[in-house]
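Accompanying notes for the structure given below.
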Amino acid sequence: MIIILSHLIFFSFIIYFNGKIFLDFINNNLRIFNLFETLIFGIIITGFFGQILNFFIPLNNNLIFVNLILIIFVNFRKYKTFYFKVLKEDYLIKFLLLIFISILIYGSEFSDDLNHYHGGYIINTDNLNYIFGLNFLHNHYGYSSIWLILHSYLNFNDNLLQDIHVLNGILFVSILGLLINKILINIKNKRAVYFNSILIFFLFFIILKYTRLKEFGIDRPGFLIVIFFFYYYFKFYLVDNVKYLNKHYDLVLISFFLFSIKVIFLPFLVMSITLFIYNLIKNNHLKIFQSKFNIVLLVLGISYISKNFLISGCIIYPIDIFCFNKIPWSSSTLIQDLTINTESTNKSFRNYSGDLTPSLYIQNFNWVETWVKRNFIELFEFLLTTLICALFTIYSTFKAKIETNNIRKFIYFLSTIFILTIFITLKTPVIRMFHHLFLIFGIFIILFHFRKKQIYIKKNIFYSFLILIICFSLSKNIKRIYEKDFVNNPKMLIKDIGWYETPKLRKLESFNYYNGWNDKFPIGNEDLSEYNYTKLFIFNIISK
C-alpha cells in the first residue's frame with residue numbers, strides 16, 4: 001500500500017504541474033480551472049509530451065525525474081503556494097477520494113490485453129525510442145495508443161505492473177472529483193442548470209459500472225475522457241455567463257487526445273473541429289487561432305502522423321487507404337488479414353456454426369443473429385445499469401420553472417456524435433469499446449424526462465444514492481482484497497493466473513529481440529527471420 005500511495009501522490013504531482021504550466025502558457029495565466037480539471041489536462045499534455053519525446057529517447061525512469069527537477073527549479077516558486085491552497089480546499093472530499101481509489105488500486109488485477117500486446121508495447125517504449133517497422137514484432141503495436149505511451153511515461157520500470165493501475169486510478173479519481181465538485185457547488189449555491197442531471201448520471205454510472213481498474217485497458221480511460229469532453233462542453237458552450245476565448249482550441253485538444261487513444265473516438269474529433277471552424281467563419285477573423293495555438297496543434301498533429309508512419313507505415317493504422325504500400329517497413333500486407341480476423345472476431349464468428357467463411361460472415365448483417373446470442377447478457381446488463389442510473393438521477397433531481405433554449409443545441413450535437421458512432425459500431429460491434437453509446441442513451445432518457453426545464457438537485461436523496469453506490473463498489477473491492485489474503489503482489493499474480501512466460505531470445509542479423517510480453521525488450525510475438533534489419537542514427541529499422 002505504501003508503494004501505491006507514494007506513486008499515486010508522486011505521479012499526481014507531476015501531472016498536476018504539467019497541466020498547470022501548459023494551461024498558464026496557453027491561457028496567459030488565466031486561472032479558470034480547478035484541481036481536477038488541471039489534473040485531466042495534465043494527463044492529456046503529458047501523454048502528448050511522451051509521444052513526442054519517444055522519437056528520440058526511451059520513456060524510462062530518468063525521464064520522470066527530469067520532469068520533476070524541471071518543475072521544481074523552473075516553476076515551483078511560482079506555483080508552490082497555489083498548489084497547497086488547492087489541496088486545502090475541500091480537503092475532506094480529496095482525502096476520501098484518495099482512500100477510495102487506493103482500495104480500488106490495491107484490489108486490481110490486470111486487463112485481458114495486458115499479456116496480449118499492452119505489456120509488450122509499454123516495455124518497449126520504456127526502454128527504446130520508436131522502431132521503424134515495430135509493428136512487425138506484433139501486428140497490434142501499430143495501434144500505438146497514447147494511453148500505452150502514458151503508461152510508459154508514468155511508471156517506474158520495476159513497478160510497471162502496479163503503476164498501470166496507478167495511472168488508471170489517477171484518471172478515474174480526477175473524473176470522480178470533477179463531477180462531485182461541480183455537483184456539490186451547484187447544491188451549495190442552489191443552482192438550477194439542466195446538466196445537473198447529466199453530471200449525476202455520469203457519476204452514478206462510472207461508480208456503479210467501473211468497480212475494478214482491472215478492466216480499464218485502453219477503452220475505459222477513453223470513456224472517462226468522453227465524460228470530461230461533455231463536461232467541458234457544458235461548462236464553456238452551454239452556460240451563457242462563462243466567456244472563454246480558447247474554448248474551441250481546448251475542445252479540439254481533448255478530442256484529439258481521445259482519437260489518439262483509439263480511432264473509434266473519431267466522431268468527437270469531427271464535432272470539435274466542426275465547432276472550431278464554425279466559430280472562425282462566424283467571427284470572420286482568426287483571433288482565437290493565435291500563433292502559439294497553430295504551433296501546438298501542428299506539432300501534435302505531425303507527431304501523431306509521424307509516430308504511426310514510423311511504426312507501421314500508415315498514417316492511421318490499420319486503415320488500408322492511409323498506408324504507404326511501397327515503403328520497406330509498411331504493414332499493408334498484414335492489414336487485410338488483420339482487418340478480416342479482427343472484424344469477424346468482434347462480430348462473434350467464433351460462436352458461429354454455419355458454413356460461411358469469415359469474409360462472407362461479416363457482410364450484409366449475416367453476423368447479427370450470432371452476435372446478439374453471444375452478447376445478449378452483457379448487452380442486457382449494460383442497458384439495465386444505464387436505466388438504473390437514469391432512474392436514480394431522475395429521483396435525485398426535480399424541475400425548476402425556468403426553461404432553457406440551449407438544450408436543442410446540445411441535442412443536435414449529441415445526436416450527431418451518436419449517429420457517427422453507430423456507423424463505427426457496425427464495423428466493430430464490441431460492447432466494451434462503446435460504453436459512450438450507453439452514456440448517450442442515458443442522457444437522452446434524462447433529457448426526454450425533463451424536456452427544456454432547468455434542474456435542481458434533491459440533496460438528501462442524491463447523497464443517499466451516492467453513498468449506496470460507493471458502498472457497492474467498495475464492498476466488491478474489499479471482497480477481492482480479502483480473497484487474496486490482503487496480499488498485493490503483481491509479479492506473483494501473473495504467475496498465479498498463468499500469464500507468465502519466459503521471453504525467448506531471437507536474432508535478426510545484429511538485432512536481438514524476444515518473443516513474449518514481459519521482462520525483456522524489444523519484445524513481441526512474431527518471428528522476424530524473413531525480414532531485414534538496419535540502423536540509421538538512433539533508429540532501428542525492421543523492413544521486408
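The values are calculated or read from the model by the stated rules, or taken from the named source; none is laboratory data. A quick note: this is a predicted structure, and the numbers were derived from the prediction, not measured. Cβ: placed from backbone, ideal geometry, glycine included. Neighbour counts: every protein chain shown. Accessible surface is based on the protein model in full, side chains and every heavy atom, while ligands, DNA and RNA are left aside. Shrake-Rupley method; radii C 1.70, N 1.55, O 1.52, S 1.80 Å.
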| message | No partner Cβ under 4.7 angstrom, meaning no disulfide-compatible partner by this rule: which Cys of the chain qualify? | response | Cys389, Cys471
| task | Could you tell me whether region 175-325 comes out rounded, prolate or oblate from its Cα gyration tensor? Rule is a ≥ b ≥ c as square roots of the eigenvalues, rounded for a/c under 1.5, then prolate if a/b exceeds b/c, otherwise oblate. | result | oblate
| task | Go ahead and run the numbers for FRET between Ser415 and Asn279, Cβ-Cβ distance against an R0 of 22 Å, rounding to 0.05. | result | 0.60
| query | Spin-label point model (7 Å from Cα, Cβ direction): what's the Ile9 to Leu184 distance in nm? | reply | 2.0
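Rounded to the nearest 500, what is the chain's calculated 222 nm mean residue ellipticity when only DSSP H runs of at least 4 contribute -39500 (n - 2.57) each, over all residues?
Mean residue ellipticity, 222 nm, calculated: -20500 deg cm²/dmol.
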| said: In whole Hz and in residue order, list the ³J(HN,Hα) couplings for region 425-436 that follow from phi through the Karplus curve 6.51 cos²θ - 1.76 cosθ + 1.60, θ = phi - 60°; x for Gly and Pro. | reply: 4, 5, 7, 9, x, 10, 4, 5, 8, 9, 4, 5
| message | Of all beta bridges DSSP finds with both residues in region 404-544, what is the antiparallel percent, to the nearest 5? | response | 85
| How big, on average over all directions, is the shadow cast by the Cα convex hull of region 206-270, in nm²? | 5.1
| message | Using the Karplus curve 6.51 cos²θ - 1.76 cosθ + 1.60 with θ = phi - 60°, what ³J(HN,Hα) values do you get for each residue of region 152-166, in whole Hz, with x for Gly and Pro? | response | 6, 5, 9, 8, 9, 3, 6, 10, 3, 5, 7, 5, 4, 6, 5
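Between Asp112 and Leu379, what length comes free when the chain is fully extended (0.36 nm per residue of separation minus the Cα-Cα distance, one decimal in nm)?
94.2 nm
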| request: Just grab the label-to-label distance for Asn489 and Lys459, each label 7 Å out from Cα along the Cβ direction, in nm (one decimal). | output: 4.9
| message | Rolling a 1.4 Å sphere over the protein heavy atoms, what is the accessible area per residue of the chain, to the nearest Å²? | response | 45
| Debye-sum result for region 448-521 in log10 I(q)/I(0), which assumes one identical scatterer on each alpha carbon, at q = 0.23 Å⁻¹ | -1.05
| Nearest-5 percent of antiparallel DSSP beta bridges in the chain? | 85
| said: Rounded to two decimal places and with Rh computed the Kirkwood way over Cα pairs, what is Rg over Rh for the chain? | reply: 0.95
| task | Roll a 1.4 angstrom probe over the protein heavy atoms and tell me the percent of accessible area of the chain that is carbon or sulfur. | result | 63
| Among rounded, prolate and oblate, which fits region 142-222 when a ≥ b ≥ c are the square roots of the eigenvalues of its C-alpha gyration tensor, a/c under 1.5 means rounded, and a/b larger than b/c means prolate? | prolate
| said: Once R0 is set to 45 Å, what does the formula 1/(1 + (r/R0)^6) return for the Cβ-Cβ distance between Leu468 and Leu360, expressed as a FRET efficiency to the nearest 0.05? | reply: 0.40
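Quote the charge dipole size of the chain about the Cα centre in Debye, to the nearest 20; the model charges only the Cβ of Lys and Arg (+1) and of Asp and Glu (-1).
In total the dipole reaches around 2380 debye.
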| field | Segment Ile315-Thr345, length gained on full extension (0.36 nm per residue, minus Cα span) | value | 8.4 nm
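How would region 257-382 be classified by its alpha-carbon gyration tensor: rounded, prolate or oblate, with rounded meaning a/c under 1.5 and the a/b versus b/c comparison settling the rest?
oblate
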| query | How big is the charge dipole of region 364-415 about its Cα centre, in debye rounded to the nearest 20, if each Lys and Arg gets +1 on its Cβ and each Asp and Glu gets -1 on its Cβ? | reply | 280
